[in-house]
1. Sorted from largest down, what three extents in whole angstroms do the Cα atoms of region B:182-301 have along their principal axes?
2. Note down the nm distance, to one decimal, between modelled labels 7 Å out along Cα→Cβ at A:Lys166 and at A:Ile114.
3. For an R0 of 51 angstrom, estimate the FRET efficiency from the Cβ-Cβ distance between B:Glu211 and A:Asp156 and round to the nearest 0.05.
4. Please compute the volume of the convex hull spanned by the alpha-carbon atoms of the protein assembly as shown and report it per residue in Å³.
5. Counting only DSSP beta bridges with both residues in the protein assembly as shown, tell me the antiparallel percent, nearest 5.
6. What is the set of long-range amide H partners of B:Val241 at a cut-off below 5 Å, with H atoms built 1.01 Å from backbone N?
7. Could you give me the ³J(HN,Hα) list for region B:511-519, computed from phi with Karplus coefficients 6.51, -1.76, 1.60 and θ = phi - 60°, whole Hz, x at Gly and Pro?
8. Of A:Glu65, A:Glu165, A:Glu76, which has the largest mean-square fluctuation in a 10 Å C-alpha GNM of chain A?
Amino acid sequence: MLSALLVMAAIAIVLGAVLGFAAIKFRTEGNPLVDKIDAILPQTQCGQCSYPGCKPYATAIAAGEADINRCPPGGEEGIQKLADLLGVEFKPFGGDTAAPKAKSVAFIDEAICIGCTLCIQACPVDAIAGAAKQMHTIIAAECTGCELCVAPCPVDCISMLVIEEKITNWKWKYPVYSLTTKK
Amino acid sequence: MEISRVLIDNEKMRTLYHFHGGIHPPSNKSQSTQVAIARAPLPSRLVVPLHQHAGEAAKPIVQVGDHVLKGQLIGMPDGFVSSAVHAPTSGTITAIDMQLIAHPSGLPNLCATLIPDGKEEWIPHKAIDYRDHSSAELQQLLRMAGVVGLGGAAFPSDIKLRIGKQKITSLILNGAECEPYITCDDMLMRERAAEIVQGAEMLRFMLDASEVLIGIEDNKPEAIAALKQAIADRGMNHEVVAIPTIYPGGSAKQLIRVLTGLEVPSGKLPTDIGVQCFNVATAYSVYRAFAQGEPLLSRIVTIAGNVRQAQNYEALIGTPIDELIALGVALPDTNGYIMGGPMMGIPLPAVHVPVVKATNCVIAASDRLFPPPPPALPCIRCTRCVEVCPADLQPQDLFWFAQSKEFGRAQAFSLFDCIECGACSYVCPSHIPLVQYYRFAKSEIRAREHDKQLADQARERHEYREHRIEREKQEKADKLAAKEKAAQAAKLNSLQQPTPQQQAELADLEAHRAHIRELAQSGVEHPED
């Protein structure tokens, strides 16, 4: 009887030590779910979800405070991916969320720009180059198309240009063919 | 595995291997091999695209109005995988703008338009002896000579020669030319075998390969004989191997399999298993680049299909295809043109688009030659496509995933090992355009990977910006705190008791003052009073 108790106690102590060690050794920093959600979000940092960026939105989704259908740049495909990740039902875009738009980049009309730096301060990804009283310009390759620079501009010199289809970004289309023979 | 033995020369036997599947479409090659290669006349204008090769487009280095000489560089390679573009003849550059090219999108791309002056005046160029140069120097020469793979993919040859520390045992020259109608390599091998075998020797030198195998499908006996003769004349060790005629035997991975029995693993390159493969026409261009100092200015183009006289032409790069078609005379019921073969070729968006380095063949199409496919029916999972797939894939599953846009699963089923040969579509009893689905899925996956990369980049920049703003705030707060601390310290200092040294100084000062006062008092009695 006593030996059985001792054996059980010994096993409990050993396993407890192993678990305790593992908890310290394999400790995950931060919330891995937030990172997984953040990896699905398009990183435009546009704030259309009413959160100040993609990471805060991801944190809110992980905490169960936000719906998965609040990210227009991610499109329906993004919602689907979030639904798959979180094991919840797909939800179409809600009434108060803007509709997804074609991907675009900002363009500064350099003739009108007065060099006020307001857009530079608004850009979440440092995609605008310029200095006070100097002309500003968009680094198109870095622009996420978030439109956050458009509103602060006092002279309305920033416009959003839809990215055109070129040979370099052209994609094969989904096959469409007739179901009947030509007569 | 099936293995067959073929007789090489008289006694030597080489073991040949089989790849999975394959089909036997009607070859339709004899029509264009009746007459020798003809030089296409100088066209009225040349439209030279600056992006004719895989990788980055060349950067134009000439301006509108410039007079250029034949062989003059007009597009500088720009980026690691890129190649040079040259003026195919002497003349004047009249435009550098977006023009329609042979691309499945039907979208325009940057081209230089050249009006020939008819003089064919060469820029100074000289031959080199390749044996005096290192492989790296020769690679650079090929890059600047604009030599790219002429089999159809137009991949810059210098990149394929950059092998690092890998040991290449076999250099394979691809003369299989498995697609129906195309005979440009066949005719080149028949007529210019000597140059090809010398080009092969140059490639062998650069790769330091132990052996050179020239694989040719056994439906080209004249080409096989010509190459054997050229090799014998020079006492070379290159081996010409007749391989069974089966489509797609001319695809690089399948040819490597047939000749060596080795399989290029998924996602790896032939060099990883010690093999490198070049088209015979590429070897010919390498020979021209070194032995004659000539950049790639022209290529052999098969004009076939619904034409009065099918023939091969040596055409300058940039020649409008309609001028070549006019030489073969398209029949009145022609209803379109295909660049490449009927299996893998692309329909031309317009017949006036220019010949590029990848243009091996132009087929005039008609309803008689290529009847419109009957309506596509649902997949019945008969797996005929599995039987013919040379990449050993499951085409019916890939079709299912592509159709339902389950790209992750398509990738898991090795979608990217598909060589888009079209054998599956060819045998499909439901007439489903399978390859179109695979192309769609591949380009969607590539676009998503690109978007993901951009998103990761944006995340990094955003996080860095947040970090920077945080740091600036911290620095400002620290500065303010330091200032406040300094002010407080000063205030505190004034309230503090003087140190003994200061006390001594103060006492001294006080004593001095007392002495002055004393003097002043004693000075009341002024001597002059």
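1. That works out to 38, 30, 30 Å along the principal axes.
2. It is 3.3 nm.
3. 0.15
4. 404 Å³
5. If I count the DSSP bridges inside the protein assembly as shown, around 70 percent turn out antiparallel.
6. Sorted by chain and number, the residues that satisfy this are B:Ile214, B:Gly215, B:Ile216.
7. 4, 4, 4, 4, 4, 5, 4, 4, 4
8. Largest GNM mean-square fluctuation: A:Glu165.
The values are calculated or read from the model by the stated rules, or taken from the named source; none is laboratory data. Computed from a predicted structure; not experimentally measured. Positions of Cβ are backbone-derived with ideal geometry, glycine not excepted, and every protein chain shown enters the neighbour counts. Only protein heavy atoms, including side chains, enter the accessible area calculation; ligands, DNA and RNA are left aside. Shrake-Rupley method; radii C 1.70, N 1.55, O 1.52, S 1.80 Å.
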